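Here the structure is laid out as structure tokens; the discussion comes afterwards.
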Amino acid sequence: MARNPGSLRIGISGWRYEPWRGVFYPEGLVQRRELAYASRMVNSIELNGSFYSLQDPASYREWHDDTPDDFVFAVKGPKYITHLRRLKDVATPLANFLANGLFELKAKLGPILWQFPPMLPFKADRFEAFFELLPHDTRAALDLAQRHDGRVADRLSLAIDRKRPLRHAVEIRHPSFVDPAFVTLLRRHRIALVVADTAGKWPLLEDLTADFVYLRLHGDQALYTSGYSPEALDRWARRIGAWREGRQVDDAHVAAPATRHRAGPRDVYAYFDNDVKVHAPYDAASLARRLGLPSPLGDMGRPVWPQGWQAPAPRARAPGFRRRPARAPDAPG
């Protein structure tokens with residue numbers, strides 16, 4: 001491996017899943033402690049609730065405080081922008097999203113993921129306009145956030161601790177994106193093209209378009225449900241190793257095979273989204289170990305508590321207590 005390869009984050013997409021309780025999460029662990037536990041098993045997690053609805057600055061502060069100092073979140077952009085508005089007239093919705101608590105993550109704010117729906121094709125003018133809006137540092141993001149409207153008037157966070165780089169990645173699901181013009185557009189705007197393994201359902205592209213790579217592993221054989229075999233994990237480990245060194249793999253699936261990519265190491269963010277049968281955290285641990293990252297998790301075995309961690313006792317509930325459902329539960333996507 002190169003002397004100074006890019007940094008590496010391997011994690012999971014979301015953390016609040018009912019089937020994980022008593023399997024990944026120990027018996028008796030209260031729901032409010034699940035993030036604290038999961039963030040000590042992997043070094044990064046995708047925040048998926050932001051995809052479904054606007055959140056609350058207090059939630060972002062809590063997520064920041066519940067995780068280790070060197071932890072990083074990727075944050076999924078709202079489907080209101082990508083799926084409902086289909087990128088049309090989205091300056092204000094984007095400002096609302098940025099003003100809604102994102103800055104509370106401070107140094108733990110990683111890439112923002114924009115997932116496009118399967119029915120949205122590549123239209124160069126529309127995507128150019130959207131990419132022009134996206135801020136590439138937190139100061140520019142704060143300037144845009146000031147343009148919010150009344151939808152977030154009572155849920156605002158409009159201060160940054162310092163100017164930090166801000167990265168964006170896009171996940172495509174329509175075959176029209178297999179187009180060199182799209183790759184060129186991403187490179188011009190320094191936006192990563194998500195390498196999305198979807199068991200063959202949607203396009204898999206590995207064009208290198210930014211100074212980092214964003215990998216989403218939705219399932220090896222069946223979307224969201226199947227685990228990854230040792231051979232599949234070995235294959236992804238080899239690819240990640242090459243990308244961190246600034247190389248491209250010989251058998252890459254690319255839309256623009258004749259173009260050159262920038263040289264130099266790349267940071268890699270990889271997230272397992274095959275959560276339905278509780279494969280995600282264990283596959284993340286297996287891949288991490290292949291790449292030299294320590295993990296306290298076994299291969300689909302019972303987890304062990306990190307050193308110094310103690311399971312909290314279940315809290316007594318008052319008579320008639322009913323758990324309020326989460327505002328935006330995690331779900332495959």
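The values are calculated or read from the model by the stated rules, or taken from the named source; none is laboratory data. Please read these numbers as outputs of a predicted model, since none were measured by experiment. A quick note on method: Cβ atoms are made from the backbone with ideal geometry, for glycine too, and the neighbour counts reach across all protein chains shown.
Determine if the range 80-100 includes at least one residue that is under 27 Å from Leu287 (Cα atoms), buried (at least 21 other Cβ atoms within 10 Å of the Cβ), aromatic (Phe, Trp, Tyr) and within 19 Å of the chain's Cα centre (by Cα).
Here is the first cut: in the range 80-100, the residues under 27 Å from Leu287 (Cα atoms) are none.
No; the residues of the range 80-100 include none that is under 27 Å from Leu287 (Cα atoms), buried (at least 21 other Cβ atoms within 10 Å of the Cβ), aromatic (Phe, Trp, Tyr) and within 19 Å of the chain's Cα centre (by Cα).
Does the range 166-187 contain any residue that is in a helix (DSSP H, G or I), of a type in the set (Phe, Trp, Tyr) and within 22 Å of Ser13 (Cβ to Cβ)? The answer is yes, given that some residue of the range 166-187 is in a helix (DSSP H, G or I), of a type in the set (Phe, Trp, Tyr) and within 22 Å of Ser13 (Cβ to Cβ).
Which one of these is among the basic types (Lys, Arg), farther than 30 Å from Arg289 by Cα and free of Cβ contacts under 8 Å to residues at least 60 places away in the same chain: Lys123, Lys108? Outline the logic, then answer.
On the way: Lys108 fails: farther than 30 Å from Arg289 by Cα.
The conditions single out Lys123.
Taken over the range 243-273, the criterion of being of a type in the set (Gly, Ala, Ser), modelled with pLDDT of 95 or more and either surrounded by fewer than 19 Cβ atoms within 10 Å (Cβ to Cβ) or under 15 Å from Ile10 (Cβ atoms) (or both) is satisfied by Ala252, Ala270.
Determine, yes or no, whether Ala38 is buried (at least 22 other Cβ atoms within 10 Å of the Cβ) and in contact with a Ser or Thr (Cβ under 7 Å, 6 or more places away or on another chain). Working first, answer last.
Values: buried (at least 22 other Cβ atoms within 10 Å of the Cβ): yes; in contact with a Ser or Thr (Cβ under 7 Å, 6 or more places away or on another chain): no.
Against the criterion (buried (at least 22 other Cβ atoms within 10 Å of the Cβ) and in contact with a Ser or Thr (Cβ under 7 Å, 6 or more places away or on another chain)), Ala38 does not qualify.
Checked against (1) of a type outside the set (S, T, N, Q); (2) farther than 24 Å from Ala196 by Cβ; (3) under 16 Å from the mean Cα position of the chain (by Cα), Gly110 passes all but condition (2). Of the numbered criteria (1) more than 30 Å from Glu104 (Cα to Cα); (2) loosely packed, with under 15 Cβ neighbours inside 10 Å; (3) in contact with a Lys or Arg (Cβ under 7 Å, 6 or more places away or on another chain); (4) not β-branched (Val, Ile, Thr), the one Ala237 fails is (2).
Working only within the range 99-125, note down all residues that are out of contact with any Lys or Arg (no Cβ under 9 Å at 6 or more places or on another chain) and either of a type in the set (Lys, Arg) or closer than 19 Å to Leu158 by Cα (or both).
Applying the first criterion (out of contact with any Lys or Arg (no Cβ under 9 Å at 6 or more places or on another chain)) to the range 99-125 yields 102-103, 108, 121-125.
Result: Leu102, Phe103, Lys108, Lys123.
Residues that are under 29 Å from Gln55 (Cα atoms), touching an Asp or Glu at 6+ places or on another chain (Cβ under 7 Å) and of a type in the set (A, V, I, L, M, F, W, C): does the range 205-220 have at least one? The answer is yes; a qualifying residue exists.
Mind listing whichever residues of the range 141-155 are aliphatic (A, V, I, L, M) and touching a residue at least 40 places away in the same chain (Cβ under 8 Å)? Give the derivation first.
Keep residues of the range 141-155 that are aliphatic (A, V, I, L, M), which gives 141-142, 144-145, 152-153.
Of everything in the range 141-155, those that are aliphatic (A, V, I, L, M) and touching a residue at least 40 places away in the same chain (Cβ under 8 Å) turn out to be Ala141, Leu142, Leu144, Ala145, Val152.
Residue under question is Ala199, and the condition is that it be touching a residue at least 12 places away in the same chain (Cβ under 8 Å), at positive phi, assigned to a loop (DSSP other than H, G, I, E, B) and not acidic (Asp, Glu); does it hold? Answer is yes for this residue.
Counting the residues of the range 10-33 that are assigned to a helix (DSSP H, G or I) and not hydrophobic (A, V, I, L, M, F, W, C) gives 5. Quick check, is Phe122 in a loop (DSSP other than H, G, I, E, B), under 27 Å from His218 (Cβ atoms) and not small (Gly, Ala, Ser)? Yes.
For the residues Val23, Val30, the requirement of being closer than 16 Å to Ala284 by Cβ and surrounded by fewer than 18 Cβ atoms within 10 Å (Cβ to Cβ) singles out Val23.
Of all the residues in the range 214-264, those that are under 18 Å from Asp275 (Cα atoms) and of a type outside the set (Phe, Trp, Tyr) number 16.
Test of understanding: among Leu215, Leu223, which residue is in a loop (DSSP other than H, G, I, E, B) and within 17 Å of Ala199 (Cα to Cα)? Full working, then the answer.
On the way: Leu215 fails: in a loop (DSSP other than H, G, I, E, B).
Being in a loop (DSSP other than H, G, I, E, B) and within 17 Å of Ala199 (Cα to Cα) holds for just one of Leu215, Leu223, which is Leu223.
Does Ala232 satisfy the condition of being among the small types (Gly, Ala, Ser) and in contact with a Phe, Trp or Tyr (Cβ under 6 Å, 6 or more places away or on another chain)?
Values: among the small types (Gly, Ala, Ser): yes; in contact with a Phe, Trp or Tyr (Cβ under 6 Å, 6 or more places away or on another chain): no.
Spelling it out, it is not the case that Ala232 is among the small types (Gly, Ala, Ser) and in contact with a Phe, Trp or Tyr (Cβ under 6 Å, 6 or more places away or on another chain).
Evaluate the following for Gly77: is it under 20 Å from His148 (Cα atoms) and either surrounded by fewer than 21 Cβ atoms within 10 Å (Cβ to Cβ) or not basic (Lys, Arg) (or both)? Yes; evaluated as a whole, the condition is true for this residue.
With a requirement of 2 or more residues that are of a type in the set (Lys, Arg) and at pLDDT 95 or above, none of the helices (runs of 4 or more DSSP H) lying completely within the range 49-117 satisfies it.
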